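The next block holds one structure in the form of structure tokens; read it before the comments.
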Amino acid sequence: MSDSSVSPDPTTDPDYRDPELYRNEPVSFVRRGNRLQGRRAKAWERNADRYIIEPDRKRADTSVAEDQHLDLYSTFGRQAPLIVEIGTGLGECIANAAKEDPASNYLAVEVYRPGLAQLMLKVESFGLENVRAIQANAPEVLDVMLEEGSADEIWIFFSDPWHKTRHHKRRLIKAGFLDKVARALKPGGTLRLATDWSNYAEQMRELLESHESFENQYPGHLAGEESNLTRVRRGGLENHEKEPDFVDETGGWAPRFDRRILTSFEGKALKAGRLVFDLAYTRIA
Ligand SMILES: C[S@@+](CC[C@H](N)C(=O)[O-])C[C@H]1O[C@@H](n2cnc3c(N)ncnc32)[C@H](O)[C@@H]1O
């Protein structure tokens, strides 16, 4: 019997980590199938060797072993500004951005293999040379694989909202995660976020405003009557009671970033009457 067929015993194995936990925190995703079919399976076969970075794992198949540092120069075959998108979904945004901006390197971090296979289809149809992808848990990629100060920008668009209060602990954007983002970003680099969930947007803004490594690029912007937060609360747009007197005095929301194209995920949110919140922060020294 090979070692891999023996189930780890959490009570006796000192290296055991629950695959649903990273450093004793719950992960921000649910496990979904890795199975690929049809065009996606073929695109994966044709392109994975070249475009998918396959780190050694710990136990879980989305984990990253401690020594898996990524050499960006050999990975991309050149030195260029690095944009990292976390949670690329079907790869719509990153593929389009990479096409529009061939002078930069683009790294997709996503746990969902069919999404990365869909990105491979776009890589082929757009003829992209400047995209690579890792199927792994983003906090581990930031901690282990990326060198300190290596990213010019980090994008996280529509991070799973985990909207029930008892699930908030599973949200990706939290103080400890922002420490990892700050470490991976160059001083002067940009973190861009977007969400269609007002309560998560407020949480992101609060965490970033109180984090010593980040400075809002749009302080006070889109406040009061201009704020989507004001609109959501007054209109009761998220199945909460209407709050007719609510005013978001703080603002600080960014305008829509022009490379954040409309993805199918955002399209569904807009169709359901949801509003979107953008944030952009500079990593200060
Ligand atoms: C709601 S979708 C949004 C996808 C895409 N950004 C868009 O706008 O269409 C969130 C994505 O983040 C991925 N994700 C969640 N937690 C992650 C993590 N810890 N590491 C990598 N990807 C993650 C999910 O698999 C999912 O594809």
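The values are calculated or read from the model by the stated rules, or taken from the named source; none is laboratory data. Quick caveat: nothing in here was measured; it's all calculated off a predicted structure. Cβ: placed from backbone, ideal geometry, glycine included. Neighbour counts: every protein chain shown. In case anyone asks, the SASA skips ligands and DNA or RNA and just uses the protein heavy atoms, side chains included. Shrake-Rupley method; radii C 1.70, N 1.55, O 1.52, S 1.80 Å.
Going through segment 89-101 one residue at a time, which ones are near the ligand (Cβ under 7 Å from one of its atoms) and open to solvent by 10 Å² or more (accessible area, probe 1.4 Å)?
The answer is GLY89, LEU90, GLU92.
Which residue is farthest from ALA41 (Cα to Cα), if the candidates are limited to segment 123-136 and must be touching a helix residue (DSSP H, G or I) at 6+ places or on another chain (Cβ under 8 Å) and more than 13 Å from the ligand (Cβ to nearest atom)? Only one residue fits best here, namely ASN130.
How many of the residues in segment 102-117 are more than 9 Å from the ligand (Cβ to nearest atom), under 23 Å from SER264 (Cα atoms) and surrounded by fewer than 23 Cβ atoms within 10 Å (Cβ to Cβ)? Going through segment 102-117 one residue at a time, the tally reaches 2. Among the residues making up segment 172-218, those that are surrounded by fewer than 21 Cβ atoms within 10 Å (Cβ to Cβ), of a type in the set (D, E, K, R) and assigned to a loop (DSSP other than H, G, I, E, B) are LYS174, GLU212. Among the residues of segment 147-174, those that are at positive phi and within 13 Å of the ligand (Cβ to nearest atom) comprise PHE158, TRP162.
Per the listing PHE257, PHE265, the residue uniquely open to solvent by 50 Å² or more (accessible area, probe 1.4 Å) and under 20 Å from the mean Cα position of the chain (by Cα) is PHE265. Checked across segment 252-269, the condition of being part of a helix (DSSP H, G or I) and free of Cβ contacts under 8 Å to residues at least 24 places away in the same chain holds for at least one residue. Listed by first and then second residue, the pairs with beta-carbon distance under 9 Å, at least 6 apart or on different chains, first residue in segment 72-86 and loosely packed, with under 12 Cβ neighbours inside 10 Å, second part of a helix (DSSP H, G or I), are GLN79/LEU72; GLN79/TYR73. The conditions of being open to solvent by 40 Å² or more (accessible area, probe 1.4 Å), outside any helix (DSSP H, G or I) and more than 23 Å from HIS240 (Cα to Cα) are not met by GLU153. Do we have GLY252 as more than 16 Å from the ligand (Cβ to nearest atom) and crowded, with 20+ Cβ neighbours inside 10 Å here? So GLY252 passes the test. Here the condition is being over 23 Å from ALA184 (Cα atoms), open to solvent by 100 Å² or more (accessible area, probe 1.4 Å), at pLDDT 95 or above and in contact with a helix residue (DSSP H, G or I) (Cβ under 8 Å, 6 or more places away or on another chain); of ARG39, ARG50, it holds for ARG39 alone.
Scanning segment 20-71 for residues that are in a helix (DSSP H, G or I) and either more than 19 Å from MET120 (Cα to Cα) or not small (Gly, Ala, Ser) (or both) yields ARG39, ARG40, LYS42, TRP44, GLU45, ARG46, ASN47, ASP49, ARG50, TYR51.
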